[in-house]
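The values are calculated or read from the model by the stated rules, or taken from the named source; none is laboratory data. Here the structure is a predicted model, which is why all the values come from computation and not from measurement. Every residue, glycine as well, gets a Cβ built from its backbone with ideal geometry; the counts of neighbours run over all protein chains shown. These accessible areas exclude ligands, DNA and RNA; they are computed on the full protein's heavy atoms, side chains included. Shrake-Rupley method; radii C 1.70, N 1.55, O 1.52, S 1.80 Å.
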Amino acid sequence: MNVQIEPSWKALLEEEFEQPYFSSLVSFVHEEYRTTRIYPPGKLIFNAFNCCPVDKTKVVILGQDPYHGPGQAHGLSFSVPEGIPQPPSLQNIFKEIENDLGIPVPASGNLERWARQGVLLLNATLTVRAHQAGSHQNRGWETFTDAVIRRLAEQKEHLVFMLWGSYAQRKGAFIDTRRHLVLKSVHPSPLSANRGGWFGNHQFSRANAYLREHGMEEIQW
């Protein structure tokens, strides 16, 4: 199966690409792109991996679905391309970074600069129908992204996993906290964040302190 994904990820996940579930997933996704409007654009489905090779991965931020509005999704969780207004969750992420590290909220919501530094911006489901949140759930993407997390957690040391909200925390429940730093909080969406527990979690400074402690370069958030 000709999956267009960065070579180190292709090697790490080779067994997944040969599984029957993945073949069924590819058939489903191809048909969806052929018959309806799907986000992100097909060439950006694996953008998170292509921007952040395995050996550079230091931090994993786990989202759920791609954005399902026009022009928003580009294959990186929580991120939007240049010129697209920042969705509320991303605004809250930037506000917490400003609270935590004093970094002013940027004009752009494009997080490719994080990905290039080693932040894997991974959604649990990598595609979605326009205006239909959750429409590609339970088709196989979750099995694939579970395997991504598992292989990273087993084969690397001293990663930082940021698990925001109950969904992400369930998905990362198996991560060995003796080998990695697992940071949990409520989701940054306004519904969750405004109830308390998002603002003041200091996850970004905590992540950088852990990376420094283990001889790695900090992320310029």
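Is it the case that the stretch 189-209 has a residue that's part of a loop (DSSP other than H, G, I, E, B), under 18 Å from the mean Cα position of the chain (by Cα) and over 21 Å from residue 96 (Cβ atoms)? Looking for residues that are part of a loop (DSSP other than H, G, I, E, B), under 18 Å from the mean Cα position of the chain (by Cα) and over 21 Å from residue 96 (Cβ atoms), one finds none in the stretch 189-209, hence no.
Residues in the stretch 79-117 that are assigned to a loop (DSSP other than H, G, I, E, B), within 21 Å of residue 6 (Cα to Cα) and open to solvent by 10 Å² or more (accessible area, probe 1.4 Å): 81, 110, 117. I'd like to know if the stretch 118-131 contains one or more residues that are more than 21 Å from residue 52 (Cα to Cα), polar (S, T, N, Q), touching a helix residue (DSSP H, G or I) at 6+ places or on another chain (Cβ under 8 Å) and open to solvent by less than 70 Å² (accessible area, probe 1.4 Å). Within the stretch 118-131, none of the residues are more than 21 Å from residue 52 (Cα to Cα), polar (S, T, N, Q), touching a helix residue (DSSP H, G or I) at 6+ places or on another chain (Cβ under 8 Å) and open to solvent by less than 70 Å² (accessible area, probe 1.4 Å).
Of all residues in the stretch 136-158, those that are closer than 13 Å to residue 174 by Cβ have Cβ atoms under 7 Å from Cβ atoms of residues that are among the polar types (S, T, N, Q) and crowded, with 16+ Cβ neighbours inside 10 Å, 6 or more apart or on another chain, in 152/57. Taking the listed residues 32, 6, the one that is surrounded by 15 or more Cβ atoms within 10 Å (Cβ to Cβ), over 19 Å from the mean Cα position of the chain (by Cα) and modelled with pLDDT of 95 or more is 32, with no other qualifying.
Filtered by the rule that a residue be outside any helix (DSSP H, G or I) and open to solvent by 60 Å² or more (accessible area, probe 1.4 Å), the stretch 159-188 gives 173, 174, 177, 178, 179, 184.
Within the stretch 187-221, the residues that satisfy the criterion of being of a type in the set (A, V, I, L, M, F, W, C) and touching a Phe, Trp or Tyr at 6+ places or on another chain (Cβ under 9 Å) are 193, 198, 204, 207, 216, 219, 221. Restricting attention to the stretch 22-78, which residues are among the charged types (D, E, K, R) and not in a helix (DSSP H, G or I)? Result: 37, 58, 65. Among the residues of the stretch 57-67, are any touching a residue at least 24 places away in the same chain (Cβ under 8 Å), surrounded by fewer than 20 Cβ atoms within 10 Å (Cβ to Cβ) and out of contact with any helix residue (DSSP H, G or I) (no Cβ under 7 Å at 6 or more places or on another chain)? No, there is no match, as no residue in the stretch 57-67 is touching a residue at least 24 places away in the same chain (Cβ under 8 Å), surrounded by fewer than 20 Cβ atoms within 10 Å (Cβ to Cβ) and out of contact with any helix residue (DSSP H, G or I) (no Cβ under 7 Å at 6 or more places or on another chain).
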